[in-house]
1. Could you work out what % of the accessible surface of region 2-298 is carbon and sulfur, using a 1.4 angstrom probe and leaving DNA, RNA and ligands out of the count?
2. Express the Stokes-Einstein translational diffusion coefficient of region 523-655 in µm² s⁻¹, to the nearest whole number, given a Kirkwood radius over alpha-carbon pairs, 37 °C and a viscosity of 0.692 mPa s.
3. How large is Rg/Rh for region 588-670, to two decimals, with Cα atoms and a Kirkwood Rh?
4. Can you list the lysines whose alpha carbon sits under 17 Å from that of Lys176, skipping same-chain ones fewer than 8 residues off?
5. So, taking all protein chains as they sit and a 1.4 Å probe, how much accessible area belongs to Met462, in Å² rounded to tens?
6. Just subtract the alpha-carbon distance of Thr146 and Thr75 from 0.36 nm times their residue separation and send over the number in nm, one decimal.
7. Could you order the peptides 29-39, 303-313 from most to least packed, using the average number of other C-beta atoms within 10 Å per residue?
8. What does the charge count near Thr619 come to, summing +1 for each Lys or Arg and -1 for each Asp or Glu among other residues with Cβ under 14 Å from its Cβ?
Amino acid sequence: MKKQLLLSFLLFLSLSMAAKEARIASPNGKLVVTVSDNDGYATYSVTLNGQLVVMPSRLGFKADFGDFSQGLAITKEQAGTCSGDYRMWQVKQSNISFNANTLTVGFENGKNQQMEVDFIVEDNDLAFRYLIPRPKADNPKCAVITEEVTSFCLPDGTTTFLCPQIDPMKGWERTKPSYEEGYRADAPMNVRSAYGQGYTFPCLFGLPPTSSPKGNSTEHGGWVLISETGVAGYYCGSHLSDYAQYSTGYTIAYPQQGENNGFGSTGAQIGLPGATPWRTITVGETLKPIVETTIVYDVVLPLYEPSEEYKGGRYTWSWLIWQDNSINYDDQVKFIDLAAAMGYELCLVDNWWDERIGRDRISQLSAYAQKKGVSLMLWYNSNGAWNDAPQTPRNIMHNSIARDREMAWLQRIGVKGIKVDFFAGDKQETMRLYEDILYDANRYGIQCIFHGCTIPRGWERMYPNYVASEAVLASENVFFSEHAAIQEPFELTLHPFCRNAVGTMDWGGVIMNRYLSPDNKSRHSRKTTDVFEIATAFTNQTAVQCIAIQPNNLLPHTGGVDGGLPQHELDFLKTIPATWDETRFIDGYPGKYVVLARRHAGQWYIAALNAQQEPLNLTLNISEYNVKNLLVDVTDKKGVVTGSAVLPLKTDKKGIIKLVIQPCGGAVLY
Ligand code: CA
């Protein structure tokens, strides 16, 4: 009996010892990923400075030819290094270099089929993807990936900053999902998402305090940002599921069947050998690595050469406040003249231009704009088949014959960019459409902005003429509803840490009208100060920067805040850059306030936004930055903002300055 017990104990020991582990550390050794095959499940966990930041979480997927979600054993591992040094023009930084350690872990399932997991680990970032070799048995050369079990389990007490995935074919003219839902900040993990469909990338998490918790939810022991990159036409976009407490946490979820009006697959069809896109995790003890991360660009490569040197620029846009009524020749001339007066490079003509202005007159309008040193961008409906959005031009961008003809014409009349709206979701079919539009547009020297769309997933590097996506509850909502106007400061102090940290974001405009109306006195008011709005041009990042200035903003300044803009604001607006060489996080808390520094050529700008109802006192060390002036809100004796002023910056000997940022106000140091 004793012998039998000992035997079963030894058997148990040998079984549990059979679990294999593989480890990879970042170049500085502080970020460590541990991969295991315990109980036949492929798992990974992540520590930063010895603190567990991602608990053991599942790896694997299910394909038509095999199940790689269970019964797995590690069969091999191969370590290495990789580095990169590349130039970007559309994102937060122009010269990017990185060093990483790499690890490829091979797994085998019960049928002797292979899966490999490829890890790239930088000091504050990791990316991983699945490599799928061609199986020997039956020798299939293509596969359908139906489901992933990849999960993200975060420590108890983690709070979330997430945007819900909405049900498909909802919203205006059945155009959802389009990443245009409101974020919740500092919510617990175990609440159902708003629609029960999980959350769109990127997903930001605040880790629980590591020591002496004071019960203050604003104290976090670290930050985690999860997203994905490298999604091209060969795969679907994914998002995170709702949270499964005590089991798998958040799981990679594929598109919903109902997207694209129910047409097309939810999984991915790939050739073998093949690879999935990269899933990325950025980890920081502070928010600095989150804001400054370049992981979504580091692990992808350009898919084609640019046909010309694309430059981006600032643009005026009549539609935001003058709406559909402004889509006529004479009103567009006013916004071209406005762009020219401000020295801006571009003017966007929004929906219905083909019907209300006509193709001949658009060609004349483009010639008029070019004489003034301004280039036009034109709006297009992405489709004719998958939602009810009626705006024209329709039936062009989803058809390669019509699209090619159209783009040749756009090039002939000197149009520099297109804004394509109302995509159908994240299915592989739709990802192919994005890629096809981008590739064709590049052949004719045209830059692409997407609206009503998904987030970019490394696209700034993959597609050199890709400039920006909406994929945010953008400025149009500030026009549509007073509620969105009230939410604007919250949203814009959140995005530098989340949506805008992984991709350029076309928020759609620094709004300078006091009221959201052409007469600047009817409808609801804007809830932010002028300086808040101007500072968003620095906290929001997009290489085609909308300055939603209106013709009435050039009227004589009559005092107060309701007339034309004061000259110093106009002068400053003219100088705002659209592209950046460097971005640094200085201070902030998602949804409350943000202070960022960005450099364009030799000029630094430090921009601050305060979304809170109380004035924010900041103490900043600006000794590293060559800034001399301060654009800031001015208040009366009661603390009510009455306007703005440019003041000389006065620091102490150590370069320290104290600033007060007004509620829903801002500051720019330059
Ligand atoms: Ca939109």
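The values are calculated or read from the model by the stated rules, or taken from the named source; none is laboratory data. Remember, it's a predicted structure, so these values are computed and weren't measured experimentally. Using ideal geometry, Cβ is built from the backbone for each residue, glycine included, and neighbour counts are taken over all protein chains shown. These area figures cover heavy atoms from the full protein model, side chains too; ligands, DNA and RNA do not enter into them. Shrake-Rupley method; radii C 1.70, N 1.55, O 1.52, S 1.80 Å.
1. Details: 6420 of 12460 Å².
Reported share for carbon and sulfur atoms: 52 percent.
2. D = 203 µm²/s.
3. 0.96
4. Straight-line reach from Lys176, under 17 Å: Lys427.
5. Its heavy atoms expose roughly 10 Å² to the probe.
6. 23.1 nm
7. 29-39, 303-313
8. +1
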